[in-house]
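Below is one structure, written out as structure tokens; the observations come after it.
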């Protein structure tokens with residue numbers, strides 16, 4: 001689903017090194033590392049916002065560097081930490097924007113697009129939010145709507161940069177449980193970065209750990225890795 005081969009990422013010089021990584025559909029991956037280590041850069045590189053320093057990324061068998069933006073948007077999506085606030089934009093309209101990669105040059109949506117939006121609204125039980133303006137949403141509601149738009153976009157790979165940032169404990173659990181459910185039911189390949197180690201270990205199938213000394217990302221199975229080992233690998237100075 002997402003194959004990473006001999007990749008170096010960074011803005012001008014290499015920040016992280018990934019010798020080999022293969023992320024599969026139907027699995028939820030938690031990305032763990034200290035602040036400033038390159039988690040956001042890693043995720044932005046995978047969606048083509050930052051060019052690769054070297055190496056190759058294959059998205060559903062297609063090279064990241066050869067895919068046009070509209071085609072890439074049908075295969076992989078990124079949910080950023082900050083939610084884009086546009087005045088007088090309703091939640092329903094915001095969700096419908098997820099269909100832009102599939103529309104014609106005029107951006108015209110059709111009844112099939114509207115039906116898909118309605119199905120996602122039903123799936124996430126957010127009908128009570130659809131008429132609200134996005135500027136009226138709470139932090140938890142914003143994250144939920146951002147996930148909903150990605151489902152409307154219908155990509156096979158979903159990346160989320162700190163989706164539980166600024167949320168209270170109850171909403172952290174709610175968001176991550178929804179992510180898990182959507183990943184399994186829609187057979188997505190989902191990667192989210194987080195500082196909430198305990199919750200991440202509860203919901204993620206596998207973990208992607210960033211070592212600050214070697215600058216490499218290692219994949220481990222959550223159920224075969226202890227919290228102490230994760231802290232030792234990602235935060236060796238603690």
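Can you tell me which residue among 211, 171 is modelled with pLDDT of 95 or more and crowded, with 16+ Cβ neighbours inside 10 Å?
Unique residue meeting the criteria: 211.
Can you tell me how many residues in the range 117-142 are part of a loop (DSSP other than H, G, I, E, B), surrounded by fewer than 15 Cβ atoms within 10 Å (Cβ to Cβ) and either in contact (Cβ under 8 Å) with a residue 60 or more places away in the chain or within 22 Å of the chain's Cα centre (by Cα) (or both)?
Within the range 117-142, residues that are part of a loop (DSSP other than H, G, I, E, B), surrounded by fewer than 15 Cβ atoms within 10 Å (Cβ to Cβ) and either in contact (Cβ under 8 Å) with a residue 60 or more places away in the chain or within 22 Å of the chain's Cα centre (by Cα) (or both) number 2.
Under the condition of being touching a strand residue (DSSP E or B) at 6+ places or on another chain (Cβ under 6 Å) and farther than 20 Å from residue 5 by Cβ, which residue from the range 214-229 is surrounded by the fewest Cβ atoms within 10 Å (Cβ to Cβ)? Please lay out each step first, then the result.
The initial filter retains those residues of the range 214-229 that are touching a strand residue (DSSP E or B) at 6+ places or on another chain (Cβ under 6 Å), namely 215-222.
Remaining after also requiring farther than 20 Å from residue 5 by Cβ: 221-222.
On the way: 221: 10, 222: 17.
Checked the range 214-229; the qualifying residue surrounded by the fewest Cβ atoms within 10 Å (Cβ to Cβ) is 221.
Identify, please: which residue in the range 1-14 is buried (at least 19 other Cβ atoms within 10 Å of the Cβ) and closer than 17 Å to residue 51 by Cα and is, among those, nearest to the chain's Cα centre (by Cα)?
Our first condition is that a residue be buried (at least 19 other Cβ atoms within 10 Å of the Cβ); within the range 1-14, this holds for 1-2, 4, 7, 9-10.
Now narrow it down to the ones that are closer than 17 Å to residue 51 by Cα: 2, 4, 7, 9-10.
Numbers: 2: 13, 4: 16, 7: 19, 9: 18, 10: 19 Å.
Going through the qualifying residues, I end up with 2.
Which residues, taken from the range 62-92, are without any contact (Cβ under 8 Å) to a residue 24 or more places away in the chain and out of contact with any helix residue (DSSP H, G or I) (no Cβ under 9 Å at 6 or more places or on another chain)?
Residues satisfying the conditions are 63, 65, 66, 67, 68, 82.
Among the residues of the range 181-202, which ones are closer than 27 Å to residue 19 by Cβ and under 16 Å from the mean Cα position of the chain (by Cα)?
Passing the criteria: 183, 187, 188, 189, 190, 191, 192, 193, 194, 195, 200.
Looking at 158, 152 in this structure, which one is under 26 Å from residue 113 (Cα atoms), part of a helix (DSSP H, G or I) and touching a helix residue (DSSP H, G or I) at 6+ places or on another chain (Cβ under 6 Å)?
The conditions single out 152.
Can you find even one residue in the range 93-112 that is modelled with pLDDT of 90 or more, closer than 26 Å to residue 138 by Cβ, more than 18 Å from the chain's Cα centre (by Cα) and surrounded by fewer than 17 Cβ atoms within 10 Å (Cβ to Cβ)?
Yes; the residues of the range 93-112 include at least one that is modelled with pLDDT of 90 or more, closer than 26 Å to residue 138 by Cβ, more than 18 Å from the chain's Cα centre (by Cα) and surrounded by fewer than 17 Cβ atoms within 10 Å (Cβ to Cβ).
Taking the criterion of being outside any loop (DSSP other than H, G, I, E, B) and in contact with a strand residue (DSSP E or B) (Cβ under 8 Å, 6 or more places away or on another chain), would at least one residue in the range 101-116 satisfy it?
No, because not a single residue in the range 101-116 is outside any loop (DSSP other than H, G, I, E, B) and in contact with a strand residue (DSSP E or B) (Cβ under 8 Å, 6 or more places away or on another chain).
For the range 63-79: of the residues being in contact with a strand residue (DSSP E or B) (Cβ under 9 Å, 6 or more places away or on another chain) and farther than 10 Å from residue 48 by Cβ, which is surrounded by the most Cβ atoms within 10 Å (Cβ to Cβ)? Break it down into steps so the answer makes sense when it comes.
Taking the range 63-79 as the starting set, the residues that turn out to be in contact with a strand residue (DSSP E or B) (Cβ under 9 Å, 6 or more places away or on another chain) are 63-65, 67, 71-72, 75-79.
Then keep just the ones that are farther than 10 Å from residue 48 by Cβ; that gives 63, 71, 75, 77, 79.
Values: 63: 11, 71: 12, 75: 21, 77: 24, 79: 19.
If we take residues in the range 63-79 being in contact with a strand residue (DSSP E or B) (Cβ under 9 Å, 6 or more places away or on another chain) and farther than 10 Å from residue 48 by Cβ, then 77 is surrounded by the most Cβ atoms within 10 Å (Cβ to Cβ).
Looking only at the range 13-28, decide whether some residue is under 30 Å from residue 137 (Cβ atoms), in contact with a helix residue (DSSP H, G or I) (Cβ under 8 Å, 6 or more places away or on another chain), in contact (Cβ under 8 Å) with a residue 12 or more places away in the chain and not in a loop (DSSP other than H, G, I, E, B).
yes
State all residues of the range 181-193 that are at pLDDT 95 or above and touching a helix residue (DSSP H, G or I) at 6+ places or on another chain (Cβ under 9 Å); if no residue qualifies, say none.
188, 189, 190, 191, 192, 193 - these are the residues of the range 181-193 that are at pLDDT 95 or above and touching a helix residue (DSSP H, G or I) at 6+ places or on another chain (Cβ under 9 Å).
Considering only the range 176-197, state which residues are closer than 23 Å to residue 75 by Cβ and without any contact (Cβ under 8 Å) to a residue 60 or more places away in the chain. Give the derivation first.
Residues of the range 176-197 that are closer than 23 Å to residue 75 by Cβ, as a first pass: 178-193.
Result: 178, 181, 182, 185, 186.
The values are calculated or read from the model by the stated rules, or taken from the named source; none is laboratory data. Fair warning: this is a prediction, and the values are worked out from it, not measured in the lab. Glycine gets a Cβ as well: all are built from the backbone with ideal geometry, and neighbour counts include every protein chain shown.
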